[in-house]
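Take a look at the structure below.
The values are calculated or read from the model by the stated rules, or taken from the named source; none is laboratory data. Note that the coordinates shown come from a computational prediction; the quantities given were computed from them, not determined experimentally. Neighbour counts are summed over all protein chains in view; Cβ atoms, including those assigned to glycine, are modelled from backbone coordinates with ideal geometry. Heads up: the accessible areas ignore ligands, DNA and RNA and are worked out on the full protein's heavy atoms, side chains in. Shrake-Rupley method; radii C 1.70, N 1.55, O 1.52, S 1.80 Å.
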Amino acid sequence: LMTAERQFRAIFDQTFQFIGLLDVRGTLLEMNQTALAFAGARHDDVVGKHFWDTPWWNHSPEAQARVREAVASATRGDVVRFETTHRAADGQLHHMDFSLKPVHDATGAVVLLIPESRDIEDRVVAEDTKRQLEQGLAQAQKMEALGQLAGGAAHDFNNLLTVIAGHADMLRTEATTESAR
């Protein structure tokens with residue numbers, strides 16, 4: 001039993017993901033060290049509280065309501081997954097991929113819920129940067145097309161001016177020649 005507990009703790013506390021255990025009322029029974037360290041929370045400060053009242057969610061009443069709804073849905077047997085934010089110990093909000101999974105007993109009744117989060121801040125920032133670069137590229141392409149259009153129009157206008165200037169020179173030459181006669 002001690003070996004199994006040690007192995008469980010090793011997996012539970014060493015994973016990079018945030019993982020925990022809730023009862024079907026949404027009370028936090030256990031949370032791994034990764035999640036606790038991220039939020040700057042202590043085990044004794046969060047265990048026994050409703051999950052939505054813990055530091056991961058208390059930055060947003062909307063997030064708290066969404067977690068309450070997710071607990072209700074998972075208690076009915078649904079797997080719930082959505083993107084959200086968690087506040088880190090330094091006060092910064094991080095984008096997270098959150099899921100809540102039901103655990104069933106032998107009769108099929110939901111007896112536990114497993115909350116799990118993964119920090120996707122780097123991915124979200126990369127997607128925002130990519131979107132901004134794509135918008136900048138599209139704007140540059142529009143400006144290039146407009147420049148080419150303007151250059152083409154200027155070239156055509158210059159060709160017309162050359163013809164007009166040529167005709168004007170011919171008329172001036174004719175006028176000079178006729179006035180000299």
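Can you name every residue in the range 123-164 that is in contact with a strand residue (DSSP E or B) (Cβ under 8 Å, 6 or more places away or on another chain) and not aliphatic (A, V, I, L, M)? Spell out the reasoning first.
Taking the range 123-164 and keeping what is in contact with a strand residue (DSSP E or B) (Cβ under 8 Å, 6 or more places away or on another chain), we get 123-124.
Within the range 123-164, 123 is the sole residue that qualifies.
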Filtering the range 25-44 down to residues that are touching a residue at least 60 places away in the same chain (Cβ under 8 Å) and open to solvent by 50 Å² or more (accessible area, probe 1.4 Å) yields 29
Hey, which of the strands (runs of 3 or more DSSP E) in the range 61-154, taking only ones fully inside, have at least 1 residues that are open to solvent by 30 Å² or more (accessible area, probe 1.4 Å) and in contact with a Gly (Cβ under 8 Å, 6 or more places away or on another chain)?
-> 93-104, 110-119
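If you go through the range 7-22, how many residues are over 19 Å from residue 120 (Cα atoms) and open to solvent by less than 20 Å² (accessible area, probe 1.4 Å)? Talk me through it step by step, then tell me what you get.
Residues of the range 7-22 over 19 Å from residue 120 (Cα atoms): 7-13, 21-22.
Those still in the list that are open to solvent by less than 20 Å² (accessible area, probe 1.4 Å) too: 12, 22.
Residues meeting the conditions: 2.
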What pairs come up if the first residue lies in the range 1-18 and is within 19 Å of residue 37 (Cα to Cα), the second is aromatic (Phe, Trp, Tyr), and their beta carbons are under 7 Å apart, counting only those six or more places apart or on different chains?
-> 18/38
Across the range 45-58, what is the number of residues that are over 23 Å from the mean Cα position of the chain (by Cα), outside any loop (DSSP other than H, G, I, E, B) and either surrounded by fewer than 22 Cβ atoms within 10 Å (Cβ to Cβ) or not aromatic (Phe, Trp, Tyr) (or both)?
-> 4
